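Following: one structure in structure tokens, then a few remarks.
The values are calculated or read from the model by the stated rules, or taken from the named source; none is laboratory data. Keep in mind that this is a model prediction, so the values were computed, not measured. Because the Cβ atoms are built from the backbone with ideal geometry, glycine has one as well, and the counts that use them run over all protein chains shown. For accessibility, only protein heavy atoms count, side chains too; no ligands or nucleic acids. Shrake-Rupley method; radii C 1.70, N 1.55, O 1.52, S 1.80 Å.
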Amino acid sequence: MQLTVLGCAGSAPGPDLPTSGYLVEAGGVRIAVELGGGVFGALQRYCDPFRLGAVLLSHLHLDHCADFSALTTYLRHHPEPPTPAKRLPVFAPAHAPTRLANAHAASEEELATLRLADTYDFVPLRAGRFAVGDVSIDVAPMRHICEAYAFRIAVGGKSLVFTGDTVPCPELVELARGADLLLADAAWREQAGRANYLHMSGHEAGAVAAEAGVGRLVLTHVLPWSDRDGVLGDAVESFTGPVSLAEPGAVYAI
């Protein structure tokens, strides 16, 4: 299994830093996990979009799905699409078809005739397990300000867990238990008066990694105005295993 970071900024992009997006290659399948702003351009460096086996969207805040519209334009209007045409599976919250169609259409008239189901096979997320080829994906609901999920992606005895956006919760610890790599939301340092159900701090992400007994922790979704080195240092204090900050273009062999 291989993880490539396409973008990793939290909530808003930074200079030359797209928001959330990752490419997982495992079992002969390519899976796009999140398609935040600026991610689709980066994806094309590593993968022909027509060769994606699935898209996973943990939730529908725009920093996680804004470039779904760019993917839609590419797949629907490329002059040389593969034949026969196949619909791309998209695993996302149940309201994704409506939400993503509204984001793509430029007018009510265009929205009335837009049929994303011609391009995608939308599958609503729920707690449980599904498969993409030989890759198994476990899903658990997380604690965020909207419907949100985390994923455990596994094949051949190797596993990667992506938290999506969440605060620490027992569901995340159980999903991540014993994973080889935890890709964890770590938006900021500890701070008083923080809004509930938004994100983890570096310290909290490290504590989840320690409790779950993961092999490696990679911190992502750090806000562009956060202290990145401070977030990393806080995580190191609470998790004794390998810890690193996600960077665009970073590749992790799992």
- Residues satisfying the stated conditions in region 23-53, i.e. closer than 17 Å to G10 by Cα and assigned to a loop (DSSP other than H, G, I, E, B): G36, G37, G38
- Task: Mind counting the residues in region 174-192 that are within 18 Å of R143 (Cβ to Cβ), over 16 Å from the mean Cα position of the chain (by Cα) and crowded, with 17+ Cβ neighbours inside 10 Å?
- Result: 1
- Item | Those residues of region 150-161 which are open to solvent by 20 Å² or more (accessible area, probe 1.4 Å) and either under 15 Å from the mean Cα position of the chain (by Cα) or not β-branched (V, I, T) (or both), in sequence order | R152, A154, G156, G157, K158
- Item | Residues of region 89-116 classified as more than 12 Å from F68 (Cα to Cα), within 20 Å of the chain's Cα centre (by Cα) and open to solvent by less than 40 Å² (accessible area, probe 1.4 Å), total | 3
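Looking at region 178-208, which of its residues are in a helix (DSSP H, G or I), over 22 Å from G14 (Cα atoms) and out of contact with any Pro (no Cβ under 6 Å at 6 or more places or on another chain)? So that I can check it myself, show each step before the final result.
Here is the first cut: in region 178-208, the residues in a helix (DSSP H, G or I) are 202-208.
In the following step, the residues that additionally are over 22 Å from G14 (Cα atoms) were identified as 203-204, 206-208.
Across region 178-208, the qualifying residues are H203, G206, A207.
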- Message: Any residue that is over 27 Å from Y46 (Cα atoms), touching a strand residue (DSSP E or B) at 6+ places or on another chain (Cβ under 8 Å) and touching a residue at least 24 places away in the same chain (Cβ under 8 Å) - is there at least one of those in region 242-254?
- Response: no
- First in region 121-136 and on the phi > 0 side of the Ramachandran plot, second anywhere and surrounded by fewer than 16 Cβ atoms within 10 Å (Cβ to Cβ) and assigned to a loop (DSSP other than H, G, I, E, B), Cβ under 8 Å, 6 or more apart: G133/G28
- Selection within region 46-68 - free of Cβ contacts under 8 Å to residues at least 40 places away in the same chain, open to solvent by 10 Å² or more (accessible area, probe 1.4 Å) and over 13 Å from K86 (Cβ atoms): D48
- Message: Of all residues being of a type in the set (D, E, K, R) and under 18 Å from C169 (Cα atoms) in region 193-245, which is surrounded by the most Cβ atoms within 10 Å (Cβ to Cβ)? Just the residue, please.
- Response: E204
